[in-house]
Each structure stands twice: as C-alpha cells, then as structure tokens.
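Student: I have a structure I would like to understand better, so I am pasting it below and will then ask my questions one at a time.
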Amino acid sequence: MNPTMRPPIDGIADAPLHPWRPLFWEPVSGTGERLLVGVVHGYDGHCGTVRMLRDETLDCLFGKRSQGARNLIEHGLALFRAAADADTSLQVLSSALMGIYPGELRATAARSLHELLRTAALMHSSLANLDKLDELEEVDAPLPEEVNRRFSTEVKEIALSMRPDLLNYFGTSTELVESGQRVKFGFCSPHVVAHFSVLYPVRPSASLRDARARLFELQQARKLANIQLGALIGAVARDDDATLSDRQRGQLREARREIASEATAAGLTYYPVTTAQQGAERIIELAA
Amino acid sequence: MTLKWATVVPGSETAVCIGTTGAIRCVLSIPGESLTGAILKRGAIEHVLAEAFCALLLRGWGLPVPRFFLVQESGSVSFASTDAGYPNLSQRLGVDAFPAGSPQHTQVVELAARLACSFPTAALAATADEAIQNRDRNLQNILWDGSDELWIDHAFALGNGAHLPDANKLCDMAIVTGQANALETTAIAQWTALDRTKPSSAAELLEPVADLSANAAFVTARLSQLGMLLLARFPSPRDLLSHP
C-alpha cells in the first residue's frame, strides 16, 4: 500500500458512544417467538424509546388486529421510557415488561439519533432490510384498499372528536360524469372535496398510481359539483424514519414531488402528513 | 351457558411461571370443536371451584372473562381458561420487572394502573370484585391485547383470600391514579344493575361437580349491602362536620 495514501476519514469513528438496548416483542406470551419492535436508548444523555416495527409489518402479520398490537407495543414502550426516565439509565432495564423483552445493553457510535437507530435496526432486525424488497420486481398491483381505509378512518375519528358537526361530510359520494355511478370521497362539503391516500414505502409505484386515480376523481368532482377546493391528504413516512434506506427515502421524496406537481396541474392541492392527527387538523382547516 | 369439559393434549403443557397459582400453557381438545390454546390451573379443589363459579357469575354479569372448561385428570378436577382466538396477543398488565419501591417500579406501576382503571369494564370489575370478595385483583390478573381487556384469576375470591389484606385493588388503583371519583360513581351504578339471580344460576350449573349453594348465598348476601361496601373503599368527602 502507498504509505502516503490515507484512508478517507469517516466521522463515525470519532463519534461518541451512546447506550441502547434492543426491545423484542413476544406476541403470544410464553411462546418464545420474538420480533425486534424498537429500542430504548440514552442518546446524548436523554432516555427515550422508538418503535421500529413498521405499521405495514403489523398489518401483514395481524390484519384487523394490528391496531390492538400497536396499542400494546406503544404501552410497553411507554413503560420502558418511564423506567429509563426514573433513573436516567438503561442498566436496570433487563427484565420484560408487557411482553417486551430487552436485549443486551449496547453502546455504539452515532452522530445522530437516526444513525443510532439505523445501527440497531441493521444489527437486530430482518424487517428493517427493506432494500431486499426493492430488489424484487415490484408488481404495480393496486394497493390494498385496507391501507387507505384505515388512514381515512383514523383521520375521520380524530376530526369528529374535535368537530362532530362535520360528520355528514365524511364518506359522501357524488357522480363524476352526468348520470354516472356515484363515487365515494373521503370528505365532501359545499366548500371542499378531499380524498385520503397513503404513500406506502414498500410500494411507491403503486401508491403513485393510486394517488393519480384519486386526483382524477377530485378533479372531476370539483368540475361537476363546482366545488372551490380540491385536496389530496396523503399519509407519508417521516423523513427521519430509521427503517428506510437512503434509496427508499429518495424514492418517496420523488413520489411526493410528483404527486404535488400533478395535483397543482389539475388545480388541486396535495397535503402530505405524517400522522392521522395532522390529517384531521388539515381537513378541519380546509372545511372552515 | 353450559358447563363444558375438555382434555389436555398430552405433551402440550408449558410452564408459564407467572403469579402464585401455577399456571400452565397447554392445548385443549374440546368435543365438537377444534383444538384451542388455554391456560390450565391445577390446585386445591376450592380454588378450582372458585374459578369456575366466578367465571360463570362474572360472565353472566357481562364482565369479559375468558371462556373456561373443566378438565378431569386422575381423580382431580382442573380449571382451564381458553385463548380468545388465535393468535392470542393478550398480555398481563403486571410489571414485576423492578424491585418494589424502586423509582422504576413506581413509575411503571402507575402507568399500568392508570391503564387498568381506564378500561371500559373497570368499574364493573371493581363492583364484581367487591361482590365476590376478590382481594387479589393485582395487575397480573388483568389481560389486555391492545384493544380489549379480560379479567382473570379468581381462585382467591369467595373467602379463599382471607389471608390477604382486605382490599379492593381496583379501587386502590383508581385512588392512586386520581380516577377515584369516576370509578366510584360508575361502580355504584353498576351495582344497582347487577342481576341478583346470577349467583344461584352459577351454582346450579356447577351442581354436577359440587354443591356451591353456600357460595351463591355468600355473594347474594354481599349484594344487598354492596353499595355501602363500595363507598367504604373510597375516601369520604370532607365537609364542615368532618373531624380534622
């Protein structure tokens, strides 16, 4: 090797070590079957927990019962967070809580919380290697309607808890062509017509096709019913989602940009949101 | 509702190691039904009968308690409560991961107690526990799958828990987590709506196994004064006539 050649300096080598424990969930008590569900960490001296088992994975595993599983896991993570906070230490967190089993205490170098979480996912979870799914030929089959329906149901429930007077506007239908079939919309009032969609990280192409179809329906509804505003409120993954690869993040950013452009061209607006709460606040704002 | 018997599939038993009543996970063979997962409890006959009687009674009152079977084994009778569907995602709310009194224990127990008291059937459970004199409603005896709760482990009800401090633990949890008013009001309302015929119905169903008329009479007697018993579990309101 050329003695004057130095290997590139990777800042990670000099980054401080941060403690964390992987958290494994045992869905059926006493079976020993476990999945990485998240981590409890002490990044930068602050304790916290992060769920890393994706919603889509829970949906695939448990179908209609996935919401219950999510609630269970979130409660378990809250318990770990409370226990870690009580002592600002991860040392004593060695026993199971609510079916969640902590793994070995680790300390790895990280320059950001995202990097720490990504390390944990790579070390302990097969379900975080989403790149493998991208290597398979993606079939542009339609997204499961279940995925969109669940998001729109959550948005509706939250919105109605704040504005019960909006009940009659959710799930209303209208024709897209004269004397045509009635098409159901996520929300339709005299002032705004809106659809809800999901930008599914493992199926970006199919998500894009779905969004396009919804934009078409919105465009037609606005024209026929002479409604002022048309909106597509889309659930998207957070930019700092540790379970996504850089490539997936790029694909999702591109998909969002494309949907926003196509919406603008059709005289509509695309509102990406990362939670159902945000979706609800947006629809309430538009309905005002 | 009828009393049903089942058989444990040989070799399917796995120790669960939770609580003091020696629970064992197993698979049951049920006549006319498919195999199902269950938790089996072997022990003193009075505990088995208390479990069976309370399961019938509490289910009769509308409290979510797992479906159960009795299992005849080598001259003794065991109690088995079945998984509610497959997979059974229920977890016990108990948090014994930390030493009692430690800051971690205090924090996590409060979170778990708050959750327990927020369940839709918590008030009914508190009322039923008072009726059957269940002194052992700790967090380990409450199951939750993220959507629905289940109330389990009644071996120490009906006088079997005389060695335990006299307490209604759900009421205690409500007091500690600041939910006493809500639970008290709803529990009293639940008491007024309880079907007074259910204790004798439960005893009748178990007649082929044992004479549980005394248990039925015990519960019926408590029902007549349950309002006062429940009120006594909660702090009295302070007024001008209260002693300081």
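Student: Which length gain, in nm to one decimal place, applies between A:Asp246 and A:Glu285 when the Cα-Cα distance is subtracted from 0.36 nm times their residue separation?
Tutor: Between A:Asp246 and A:Glu285, full extension yields an extra 10.7 nm.
Student: Taking Cα atoms, how many degrees apart are the long axis of helix A:66-87 and the longest axis of chain A, rounded to 10 and kept between 0 and 90?
Tutor: Long axis of A:66-87 versus the principal axis of chain A: about 40 degrees.
Student: Going toward the positive end of the dipole of the protein assembly as shown, with +1 on Lys and Arg Cβ and -1 on Asp and Glu Cβ, which of A:Leu208, B:His154, B:Ala187 do you reach last?
Tutor: A:Leu208
Student: Another question, if that's okay. Non-local amide H neighbours of A:Tyr200 (under 5 Å, H modeled in plane, Pro and chain starts lacking H): which ones?
Tutor: A:Ser207
Student: What residues qualify as long-range amide H neighbours of B:Asp145, i.e. H under 5 Å apart, gap of 5 or more or another chain, H built at 1.01 Å from N?
Tutor: B:Gln91
Student: To the nearest 20 Debye, how big is the dipole of segment B:91-161 about its Cα centre, given +1 on the beta carbon of each Lys and Arg and -1 on that of each Asp and Glu?
Tutor: It comes to approximately 140 debye.
Student: Which whole number gives the average count of other chain Cβ atoms within 10 Å of the Cβ atoms across peptide B:87-99?
Tutor: 6
Student: While we're on this one: Taking the Cα atoms only, what angle lies between the long axis of helix A:145-162 and the longest principal axis of chain A, rounded to 10 degrees?
Tutor: Once rounded, one gets 80 degrees.
Student: Tell me the mean residue ellipticity at 222 nm calculated for chain A from its helices only (DSSP H runs of n ≥ 4, each -39500 (n - 2.57), averaged over every residue, nearest 500).
Tutor: Calculated mean residue ellipticity at 222 nm is -13500 deg cm²/dmol.
Student: Round to the nearest 10 and give me the degree value, 0 to 90, for the angle of helix A:246-265's Cα axis relative to the longest principal axis of chain A.
Tutor: Result, in degrees: 20.
Student: Treating only the Cβ atoms of Lys and Arg (+1) and Asp and Glu (-1) as charged, compute the dipole magnitude of chain A about its Cα centre; round to the nearest 20 debye.
Tutor: Roughly 340 debye, rounded to the nearest 20.
Student: Where the centre of each part is set by its Cα atoms, how far does segment A:59-82 sit from segment A:204-247, in angstrom?
Tutor: Cα centroid to Cα centroid, the span is 27 Å.
Student: Among the lysines, which fall within straight-line cross-link reach of A:Lys184, defined as a Cα-Cα distance under 28 Å, with same-chain neighbours fewer than 8 residues apart omitted?
Tutor: A:Lys184 reaches A:Lys64, A:Lys156, A:Lys223.
Student: Next question. Work out from phi, with θ = phi - 60° and the Karplus expression 6.51 cos²θ - 1.76 cosθ + 1.60, the ³J(HN,Hα) of each residue of segment A:186-196, listed in order in whole Hz, and give x for Gly and Pro.
Tutor: So the J values, rounded to whole Hz, are x, 8, 8, 10, x, 9, 8, 10, 9, 10, 10.
Student: Now, a different point. Using +1 at the Cβ of each Lys and Arg and -1 at the Cβ of each Asp and Glu in the protein assembly as shown, identify which of B:Ala210, B:Tyr86, B:Thr127 lies farthest towards the dipole's positive end.
Tutor: Checking the options against the dipole of the protein assembly as shown, the answer is B:Thr127.
Student: Shifting gears a bit: Whose amide H sits under 5 Å from the amide H of A:Met52, counting only residues 5 or more places off or on another chain, with H placed in the peptide plane?
Tutor: A:Gly38, A:Val39
Student: OK, next. Would you mind ranking A:Thr174, B:Thr185 by Cβ crowding within 10 Å, fewest neighbours first?
Tutor: Listed from fewest to most nearby Cβ atoms, that is B:Thr185, A:Thr174.
Student: Provide a whole-number value for the mean count of partner chain Cβ atoms within 10 Å of the Cβ atoms in peptide A:70-76.
Tutor: Counting other chains' Cβ atoms within 10 Å and averaging over A:70-76 gives 4.
Student: Which value at 222 nm does chain B reach when only helices count, each DSSP H run of 4 or more adding -39,500 (n - 2.57), with the total divided by all residues and rounded to the nearest 500 deg cm²/dmol?
Tutor: -11000 deg cm²/dmol
Student: What dipole magnitude, in Debye to the nearest 20, does the protein assembly as shown give about its Cα centre under +1 on Lys/Arg Cβ and -1 on Asp/Glu Cβ?
Tutor: 500
Student: HN-Hα J couplings of segment B:110-127 from phi, Karplus 6.51/-1.76/1.60, θ = phi - 60°, integer Hz, Gly and Pro as x?
Tutor: 5, 4, 5, 5, 4, 4, 4, 6, 8, 5, x, 9, 4, 5, 5, 5, 4, 5
Student: Additional query: Mind checking B:102-112 for the average number of partner chain beta-carbons within 10 Å of each residue's beta-carbon?
Tutor: Per residue, the number of nearby Cβ atoms from other chains is 6 on average.
Student: Could you derive backbone 3J(HN,Hα) for segment A:232-240 from the dihedral phi with the Karplus parameters 6.51, -1.76 and 1.60 (θ = phi - 60°), listing whole Hz in sequence and x where the residue is Gly or Pro?
Tutor: 10, 9, x, 6, 10, 6, 5, 5, 9
Student: Sorted from fewest to most neighbouring beta carbons within 10 Å, what does the list A:Ser94, A:Ser173, B:Ser74, A:Ser66 look like?
Tutor: Listed from fewest to most nearby Cβ atoms, that is B:Ser74, A:Ser173, A:Ser94, A:Ser66.
Student: Continuing with this model, one more query. With 10 angstrom as the radius, rank A:Val50, B:Val8, A:Val40 by how many other C-beta atoms surround their C-beta, starting from the fewest.
Tutor: B:Val8, A:Val50, A:Val40
Read-outs throughout are calculated quantities, based only on the coordinates presented, and are distinct from any laboratory measurement. These numbers were taken from a predicted model, which means no experiment stands behind them. Every residue, glycine as well, gets a Cβ built from its backbone with ideal geometry; the counts of neighbours run over all protein chains shown.
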